[in-house]
Amino acid sequence: MAQTKNLTLQRQKWANRLFILCALAALLTALLALVILIGDIFVTGLPRLNLDFLTSYPSRKAHKAGILSALVGTLYMIGLTTLIAFPLGVGAAIHLEEFAKESRFGRIVEINIANLAGVPSIIYGLLGLQIFVRAFQFDRSLLSGAMTMALLILPIIIIASREALRAVPHSIREGSYALGASPWQTVYHQVLPIALPGMLTGTILALSRAIGEAAPLMMMGALTYIAFLPDGLFSPFTVLPIQIFNWVSRPQQDFSINAAAGIIVLLVMLISMNMIAILLRNKFQKRTV
Amino acid sequence: MKKDPIIFDINDLHVWYGEKHILKGNKIEIEREKVTALIGPSGCGKSTFIRCLNRMNDFIPKFRHTGAVLFEKQDIYDAAIDPIEIRLRIGMVFQKPNPFPKSIYDNITYGPNLLGIRKRSELDEIVEKSLIKAALWDEVKENLNHSALALSGGQQQRLCIARALAVEPEVLLLDEPCSALDPIATAKIEGLITEIKQLYTVVIVTHNMQQAARVSDYTGFFLMGDLLEFGKTSQIFTNPRNQKTEDYITGRYG
């Protein structure tokens, strides 16, 4: 008996080691691919990255071309997308989570929001083309682009905001109601402040998805060669992913160097947005615990 | 004219959560400016009952009731009654302390703020008065701007009582206020209950029979959704009429 036990233990020990090894291998494979990719981009693109590159408009000559219009276009579009998507997403989440009665309709809405979050972004581009560009006649403008992007990330914001609302303890709501607060006062004064960090984090993560999207905007017909800065909501525009895509598809070697440099700029933007999300979360977490 | 000594007159109250029949036709009269304790084993319906007194059950889906809950001779479930007004007049403190994640000061001024009181001096006075009544003032008067979450459990619960008193309710409902607290914190809360009962009507749900015996004037014993016995605390604990009440208070079950 003792021998059997000993044998089993030995076998378990080895199985355990093997499992840890497999997990480690999986992690390293994933990391390796990422390191090679980023390494390659940095080696190619970093020498090209300088102030001129950041402050020049696109050009037919690769060494003169820069990403100013794409960079500014991206910043404008993200700002505008936030202004549209955040209030809508948070409002929808508050209604679904705090006020909507449980019903068949509510469940259908819920399932569809989850489905919408999985719809390929190019479909949103088609939608934007048909509704904003053609039906509303906003043309291929910053506004059309931002509204399309807002639609794209709205489901993600709604889902994240609902989770943030659900994480607020029920006892807080009871405490507020017991003091004679109305449902709206309870949400506004007690629930929202606690849920806000979670909502912001979810929104920033959703925006960092929007920032890297080229497909919906290309579908919409956003331009690639823009030698000026957007001067209003209805101005034509371009964004970083489109500019990068454009450079990559050129035959000249020099343009692919520009693309690599553009990718670095995009990566830096993405990482800073994710950092802001983490900082926000940490800051608010400290305050509420 | 002298006020009617009966503040709550509950008649034939049935409550269902979905298909579950929780309260089965209870009749009880609660006296003004007295402490009424409700005891009974877990799941007997005493918490459901106390939540009917200020319509906190409204938030539970599938809640359904029949019968009358008369507060000052008016049915609080009448369609013409605003539940918000009811909750302003009938405050409540819950089993688990639930301070808002704000400062001590802001916790107490939340209710008055909702009523539109904004003047700093007035709010200061309310905060001090409420904390004194809740026997917490001396412990926190230096730290009113500290987070309420930094207080101990017992202090948090007294803060919740102070918060409820800040809107000057007529009735204070306490739903097992001490079940999450240690004996010292419990003693403090019992002390403050005896203090405030000159000013407020108090209804307290408790698991702890000694507590009911110590603080209350009247006691009701619930079992399986029925109010089996209701009477003066001294009578219930020394000379219960119902055999099951006697079994419970002598610790034979529950």
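Backbone N atoms of the stretch B:88-103 closer than 18 Å to the 7 Å Cα→Cβ label point of A:S182 belong to residues B:88-89. Between B:R252 and B:T66, what's the calculated FRET efficiency when r is the beta-carbon distance and R0 is 41 Å? Round to 0.05. Computed FRET efficiency for B:R252 and B:T66: 0.80.
With axes computed from alpha carbons, what is the tilt in degrees of helix B:104-114 against the longest principal axis of chain B, rounded to the nearest 10 within 0 to 90? So the inclination is approximately 70 degrees. Within the stretch B:1-113, the ratio Rg/Rh, alpha carbon atoms throughout and Rh by Kirkwood, equals 0.99. For a straight C-alpha distance cut-off of 15 angstrom, the aspartates and glutamates reachable from A:K61 (same-chain residues fewer than eight places away being disregarded) are A:D52, A:D254.
Give the calculated FRET efficiency between B:A180 and A:A167 to the nearest 0.05, with a Förster radius of 25 Å applied to their Cβ-Cβ distance. Calculated transfer efficiency: 0.75.
Give me B:F222, A:F255 ranked fewest to most by other Cβ atoms within 10 Å of their Cβ, as a rough exposure proxy.
Going from sparsest to densest Cβ surroundings: A:F255, B:F222.
In chain B, helices alone account for a calculated mean residue ellipticity at 222 nm of -10000 deg cm²/dmol, with every DSSP H run of four or more residues adding -39,500 (n - 2.57).
For the protein assembly as shown, taking Cα atoms only, Rg and Dmax work out to 32.2, 102 Å respectively. A 29 angstrom limit on the alpha carbon distance is what I want to check against. Which of B:K73/B:K141; B:K129/B:K188; B:K141/B:K197; B:K102/B:K232; B:K62/B:K197 exceed it? Checking Cα-Cα distances, B:K73/B:K141; B:K102/B:K232; B:K62/B:K197 exceed 29 Å.
Panel order for B:R87, B:R241, by other beta carbons found within 10 Å of each beta carbon, from fewest to most: B:R241, B:R87.
Comparing B:Q210, B:Q243, B:Q74 in a Gaussian network model of chain B, where Cα atoms under 10 Å apart are tied by springs, the biggest mean-square fluctuation is seen for B:Q243. Separation of the stretch A:209-268 and the stretch A:96-151, taken as the distance between their Cα centroids, equals 23 angstrom.
For the stretch A:238-289, what Kirkwood radius comes out of the mean inverse Cα-Cα distance, in Å? Walk me through the numbers on the way to the answer.
Values: mean 1/r = 0.0774 Å⁻¹.
Hydrodynamic radius (Kirkwood, Cα pairs) of the stretch A:238-289 is 12.9 Å.
Approximating the spin labels as points 7 Å out from Cα along Cα→Cβ, the B:E128-to-B:N11 distance works out to 4.7 nm.
Remark: the A:Q253-A:D231 segment gains 4.6 nm on full extension, using 0.36 nm per residue and subtracting the alpha carbon distance.
The charge dipole of the stretch B:1-124, taken about its Cα centre with unit charges on the Cβ atoms of Lys, Arg (+1), Asp and Glu (-1) only, comes to about 340 debye. Its Cα centre serving as origin, the stretch B:122-196 has a Cβ charge dipole (Lys and Arg +1, Asp and Glu -1) of approximately 160 debye.
By counting other Cβ atoms within 10 Å of each Cβ, how are B:C52, B:C160 ranked from fewest to most?
Numbers: B:C52 25, B:C160 29.
Least to most surrounded, the residues fall as B:C52, B:C160.
By DSSP, what percent of the beta bridges with both residues in the protein assembly as shown are antiparallel, rounded to the nearest 5? Display every interim value, and only then the final one.
Values: 27 of 44 bridges.
Close to 60 percent.
Converting the Cα gyration tensor eigenvalues of the stretch B:62-108 into ellipsoid dimensions via √(5λ) gives semi-axes, longest first, of 29, 14, 10 Å.
Give me a single rounded figure for A:178-191: the average over its residues of other chain Cβ atoms within 10 Å of their Cβ. Each step should come with its number before you reach the end.
Working: counts 19, 19, 17, 7, 4, 2, 0, 4, 1, 0, 0, 6, 4, 0.
Averaged over the peptide's residues, the number is 6.
Give the calculated FRET efficiency between B:A79 and B:E19 to the nearest 0.05, with a Förster radius of 25 Å applied to their Cβ-Cβ distance. So, using R0 = 25 Å, E works out to roughly 0.50.
The dipole here belongs to the protein assembly as shown: it is taken about the Cα centre, uses +1 on the Cβ of Lys and Arg and -1 on the Cβ of Asp and Glu, and is about 1500 debye. A simple spin-label model places pseudo-atoms 7 Å from Cα toward Cβ; at A:H63 and A:M275 they are separated by 3.3 nm.
The modelled label-to-label distance for the pair B:A150/A:L21, using points 7 Å beyond Cα in the direction of Cβ, is 5.3 nm. Rounded to the nearest 500, what is chain A's calculated 222 nm mean residue ellipticity when only DSSP H runs of at least 4 contribute -39500 (n - 2.57) each, over all residues? Computed mean residue ellipticity for chain A: -23500 deg cm²/dmol.
Readers should treat all values here as calculations from the given coordinates under stated rules, not as data from a laboratory. Values in this document were obtained by computation on a predicted structure and should not be read as measured data. As a convention, Cβ positions derive from the backbone with ideal geometry for all residues, glycine included, and neighbour counts pool all protein chains shown.
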